[in-house]
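Accompanying notes for the structure given below.
Quick note: the coordinates plus some simple rules give every number you see, no bench work behind them. What you see is a predicted model; the values in this text were computed from it and never measured. As a convention, Cβ positions derive from the backbone with ideal geometry for all residues, glycine included, and neighbour counts pool all protein chains shown.
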DNA sequence: GTAGCACCTATAGCACCGTTATATGAACTG
DNA sequence: CAGTTCATATAACGGTGCTATAGGTGCTAC
């Protein structure tokens, strides 16, 4: 029987390691710090996890399962393309919420080391894309689409993590998201052969107009009108889910 | 007793560190290994680089300068969009050639740590995109286009590095490359209405947004807001800005 | 020359790290 | 109760990043 008030040493080790890794800004965390924070001595760590790396792997595995749980619990809107946007945004948000964990999960992947978890994430995204394919909205195979989207998603998230939180510009995410989605799927429900090249997505166009307006202000709108216009433009550009 | 044909200890340390880092598959490399390989004792390392991290930073800095040299020495084809493809592929190739270095350079970026080098890479890409913008082939500002392209480029390269060399599928790169480029630029010849150098004109962007809004209406704006928004958009589109 | 003076390198050692051989306690099984 | 197994603790080993101190080395000034 476990005591209710206090978690088992194994759990305390996991939590202490996760907490210390999250706090200490990427600098290495010693086993002594961890065991002390978990109020446990060294051999306990090695009894449960075999290794320092084993403990860290367990932390990463928990991070992945948390991420996958969040992904799986996202509702299905019925519009496959909209679902893609939701999952993309959820991925980015997870990275920004757990930056250090994310760096280990997606930024540090060694060849032949831990493809299993990333493969799971990829497989899940492929599943979502399978639904888009079933709705005849995909122009490439779900497998390739998933790889491309995940790659871009990771790149964007890493770049957002790397820059100071205050300066983060989520338009980078929205813009790249629309770029990849529009290359992989077709927006219109109708005939998939109709090309979408002539009309770029609303979000990209809104971002472009927003950027253009920064350098030259049109004289067709009064300043108050322009202010409201820019606000609406911002709303269209960011299109934050929820 | 100094041999003339032999590089200085500082250079030997740099080369030994780079070589050992490239060989030992991501596992940590000790200062003792490095100093022994460079046939030098510990204090020499600390005299020249102050720190183990200082030495590694120097290795990374050399990697970056090698990368930037390669980028800068790429010929200019005269077709800006084609240049973008070339630089994208060069980036990927660099990553596949120096996987461990690349992981440190682009996969491990800590917030507030070393943005200067990545910023240089971004600035250079922005420069290339500036030429595309000057040819009126850009739909968004060079700055945002550079960020988006670089993010996707990094994500793709990391994913390619992570999988076994035999199984690497470069179509992932080509596909994502075209996705980002086509979202950021237009393949067709220049539109004469474009006037500004860095960013496309407000009018062009407004027309694009107007067209995009015809096919899909955003749910961020109420119908009454949208009506007014479209009217203003029409006004901006009708005449060129001051 | 040689005295002074920066520079660069070596000897030897510190404090810390990950890890483990060994031992002790607790909990269940018969 | 004895036997077995699991979980934790004591104490220590070799390796690591790093440095206080001291010793060459090549220069310029006299």
What does the highest-first list of A:86-92, A:229-235, B:123-129 look like by mean Cβ count within 10 Å?
-> A:86-92, B:123-129, A:229-235
Length gained, residue B:127-residue B:77, 0.36 nm per residue minus C-alpha separation, equals 16.5 nm
at residue A:135 the sorted inter-copy label distances (label 7 Å from Cα on Cβ side), in nanometres, are 3.7
Note: segment A:60-191, point scatterers on Cα, Debye, no solvent; log10 I/I(0) at q = 0.14, 0.15, 0.22 Å⁻¹ equals -0.61, -0.70, -1.40
Between copies, how far does the label point of residue B:169 sit from its twins, in nm, shortest first, when each point is 7 Å from Cα along Cα→Cβ?
-> 3.4
Taking the label point 7 Å from Cα in the Cβ direction, how far apart in nm is residue A:8 from each other copy of itself, listed shortest first?
-> 5.9
Once you put a point 7 Å from the Cα of residue B:66 and another 7 Å from the Cα of residue A:52, both along the Cβ direction, what distance in nm separates them?
-> 2.8
Note: A:138-147 gets an average of partner chain Cβ contacts (10 Å, Cβ to Cβ) equal to 2
Here, residue A:44 and residue B:15, labelled 7 Å along Cα→Cβ, have an inter-label distance in nm of 5.1
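I need the peptides B:152-164, B:47-59, A:8-20, A:41-53 ranked by packing, meaning the mean over residues of other C-beta atoms within 10 angstrom, with the highest value on top. All intermediate terms of the calculation are to be shown ahead of the outcome.
Working: B:152-164: 23.9, B:47-59: 15.9, A:8-20: 18.5, A:41-53: 13.8.
Order by mean packing, descending: B:152-164, A:8-20, B:47-59, A:41-53.
Using alpha carbon coordinates only, what is the Rg to Rh ratio of segment A:1-80, with Rh defined as the Kirkwood radius? Don't jump to the answer; show the numbers that get you there.
On the way: Rg = 15.8 Å, Rh = 14.1 Å.
Taking Rg over the Kirkwood Rh, I get 1.12.
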Relative contact order computed over segment A:60-191 (Cα-Cα under 8 Å; 6+ residues apart), in percent | 30
